[in-house]
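Colleague: Please read through the structure below; I'll follow up with questions.
The values are calculated or read from the model by the stated rules, or taken from the named source; none is laboratory data. Bear in mind that the values here come from a model prediction, so they are computed numbers and not experimental data. Please note: Cβ atoms are built from the backbone with ideal geometry, for glycine as well, and neighbour counts cover all protein chains shown. Each accessible area value is taken on the protein alone, full model and side chains, heavy atoms only, with ligands, DNA and RNA left out. Shrake-Rupley method; radii C 1.70, N 1.55, O 1.52, S 1.80 Å.
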Amino acid sequence: MSTQPLMTDRPAPDPRPATPAHRVPKGSRPSRSSRSSRVAALIPQLFLVPWALVVAVPLVWMLMSSLKTNVEIYNSPFGPPSELRVGVYVDAWTESNISAFFLNTVVVVAGGVGLTMLLAVMTAYVMAKYPFRGSRALYYLYLAGMTFPVFLAIVPLVKIVQSLGLFATPVGLILVYAAFSLPFSVFFLTAFFRSLPEELSEAAFIDGAGHFWVFFRIMLPLARPGLISIAVFNFLGQWNQYLIPVVLNPQQDEERSNYVLSQGLAALALGENYETSPTSMAQLFAGLLISMVPVLIVYILFQRQVQQGLTAGALK
């Protein structure tokens, strides 16, 4: 008989390759591609730092200047104020007539944004869900309105507003604001309504709902992100409007009580006899900051809805 040991008696060889103790497994070491992707993701964030400085430094400078006297602004424009003169904001609100400018702007912008949204929502919904003969031509006409610069229409615009008896009135500004904001609003909302599912409205029609019920109870809630986005864009554009008020809303009295904020601040900055008090320049900076407060509030409150609206429109 053979004395050689059987194969089953031998220990099975270890199929795993011998790994030195000092060698790190390949999976636990970050790859070169992952490191390069992290660096590529860090580069845009590095550009945000100088951009934040560009935005924040002027705001801080305006805040410091609003607490100084005229002498301090001229002698030390970038230095801190000697004391906190919070009463400058009260003087700007009352003496510089910022309160009247602010109220006029709120009335005009609220009316302009409201009228724009009312007309744009109904027009965009019909063009998106109920195409008719000539709807495509009308849609392209709205697109053409987006490319038409406002300064080319100044002369005929003045003639039309004067013939309607709305020259130097808030109603005239509201109508013109809405007219120039309508093309982009219709373009944006038409694309948004087209992206909404048809199954919901069809199911509502089968259940006996009417067109108005479907529009107000189904389509408008679904289009809420788009509505908020376009409303915020219209608010920012109309709040900062300067050319249209200058042409259609001239001075009516010595206090300029009919001016909006952009006109009033420009008049304060360019007035020949503006320095009527030791803090008159500070009142101008205070007025600028007051005019920025509504814009910041709107952005802080609706920034998430605006992002959702833009993202939803892009994905759909």
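Colleague: If you check V176 against the conditions, is it modelled with pLDDT of 90 or more, more than 27 Å from V232 (Cα to Cα) and open to solvent by less than 70 Å² (accessible area, probe 1.4 Å)?
Modeller: Criteria not met by V176.
Colleague: Which pairs turn up if I take residues in segment 125-142 that are touching a residue at least 24 places away in the same chain (Cβ under 8 Å) and look for partners that are in a loop (DSSP other than H, G, I, E, B) with beta carbon separation below 7 Å, at least 6 apart in sequence or on another chain?
Modeller: none
Colleague: Taking P30, is it farther than 30 Å from S96 by Cα, at pLDDT below 75, open to solvent by 80 Å² or more (accessible area, probe 1.4 Å) and not hydrophobic (A, V, I, L, M, F, W, C)?
Modeller: Spelling it out, it is not the case that P30 is farther than 30 Å from S96 by Cα, at pLDDT below 75, open to solvent by 80 Å² or more (accessible area, probe 1.4 Å) and not hydrophobic (A, V, I, L, M, F, W, C).
Colleague: Next question. When segment 74-98 is examined, which residues are found to be assigned to a helix (DSSP H, G or I) and surrounded by 15 or more Cβ atoms within 10 Å (Cβ to Cβ)?
Modeller: Matches in segment 74-98: V88, Y89, D91, A92, W93, I98.
Colleague: Also: Quick one: which residue in R224, R256 is within 18 Å of L288 (Cα to Cα), touching a helix residue (DSSP H, G or I) at 6+ places or on another chain (Cβ under 9 Å), surrounded by fewer than 21 Cβ atoms within 10 Å (Cβ to Cβ) and of a type outside the set (S, T, Y)?
Modeller: Sole residue among the options that is within 18 Å of L288 (Cα to Cα), touching a helix residue (DSSP H, G or I) at 6+ places or on another chain (Cβ under 9 Å), surrounded by fewer than 21 Cβ atoms within 10 Å (Cβ to Cβ) and of a type outside the set (S, T, Y): R256.
Colleague: Taking segment 127-157 only, how many residues are within 20 Å of L220 (Cα to Cα) and either assigned to a loop (DSSP other than H, G, I, E, B) or open to solvent by 60 Å² or more (accessible area, probe 1.4 Å) (or both)?
Modeller: Residues flagged as within 20 Å of L220 (Cα to Cα) and either assigned to a loop (DSSP other than H, G, I, E, B) or open to solvent by 60 Å² or more (accessible area, probe 1.4 Å) (or both) within segment 127-157 amount to 2.
Colleague: Look through A223, A231, A179 and report the one residue that is without any contact (Cβ under 8 Å) to a residue 24 or more places away in the chain and farther than 29 Å from N70 by Cβ.
Modeller: Just one listed residue meets the conditions, A179.
Colleague: Do we have V295 as among the β-branched types (V, I, T), surrounded by fewer than 21 Cβ atoms within 10 Å (Cβ to Cβ) and over 27 Å from E95 (Cβ atoms) here?
Modeller: So V295 does not fit the description; no.
Colleague: Could you give me the residue pairs with C-beta distances under 7 Å whose first residue belongs to segment 183-194 and is within 15 Å of L138 (Cβ to Cβ), whose second residue is hydroxyl-bearing (S, T, Y) and surrounded by fewer than 19 Cβ atoms within 10 Å (Cβ to Cβ) wherever it lies, and which are 6+ apart or on separate chains?
Modeller: Correct list of pairs: V186/T123; T190/Y139.
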